[in-house]
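Here's the structure, in structure tokens; my notes come after.
The values are calculated or read from the model by the stated rules, or taken from the named source; none is laboratory data. Just so it is clear, the structure is predicted and the values come from calculations on it, not from any experiment. Here the Cβ is made from the backbone with ideal geometry for all residues, glycine too, and neighbour counts use every protein chain on show.
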């Protein structure tokens, strides 16, 4: 997934709190996270989240190819 696609997904999420693309899941993670550990059975994978700014708000988001999920963290309230 490229940066343009990620930005579109984060924009959709921030404006509608859901994403219309059925192939990609979006999961909110705790606020202010810049690294998220995705649990895969007994193991885990760390995802380094990238900063995105949408409508004056800051979000951190990352994509897992394993679960085809975008993880989003709010950086501001």
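Looking at (1) surrounded by 13 or more Cβ atoms within 10 Å (Cβ to Cβ); (2) part of a strand (DSSP E or B); (3) under 12 Å from the mean Cα position of the chain (by Cα), which is the one condition that is false for residue 53?
For residue 53, the exception is condition (3).
Do we have residue 76 as assigned to a strand (DSSP E or B) and loosely packed, with under 12 Cβ neighbours inside 10 Å here? Before you say what the answer is, go through the steps one by one.
Numbers: assigned to a strand (DSSP E or B): no; loosely packed, with under 12 Cβ neighbours inside 10 Å: yes.
No.
For the stretch 34-50, what are the residues that are in a loop (DSSP other than H, G, I, E, B) and either surrounded by fewer than 12 Cβ atoms within 10 Å (Cβ to Cβ) or in contact with a helix residue (DSSP H, G or I) (Cβ under 8 Å, 6 or more places away or on another chain) (or both)?
Keep residues of the stretch 34-50 that are in a loop (DSSP other than H, G, I, E, B), which gives 34, 41-42, 49.
Correct list: 41, 42.
So that you can scan it fast, the table gives a plain yes or no per residue for (1) modelled with pLDDT of 95 or more; (2) under 19 Å from residue 2 (Cα atoms):
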site	(1), (2)
42	no, no
45	no, no
51	yes, yes
55	no, no
59	yes, yes
62	yes, yes
68	no, yes
71	yes, yes
76	no, no
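Could you tell me whether the stretch 3-13 includes any residue that is closer than 20 Å to residue 66 by Cα, outside any strand (DSSP E or B) and at pLDDT below 90?
Looking through the stretch 3-13, none of the residues is closer than 20 Å to residue 66 by Cα, outside any strand (DSSP E or B) and at pLDDT below 90.
Does at least one position in the stretch 20-40 carry a residue that is modelled with pLDDT under 90 and within 11 Å of the chain's Cα centre (by Cα)? Give the derivation first.
Taking the stretch 20-40 first, the residues modelled with pLDDT under 90 are 20-24, 40.
Imposing the further condition that a residue be within 11 Å of the chain's Cα centre (by Cα) reduces the set to 24.
Within the stretch 20-40, one or more residues are modelled with pLDDT under 90 and within 11 Å of the chain's Cα centre (by Cα).
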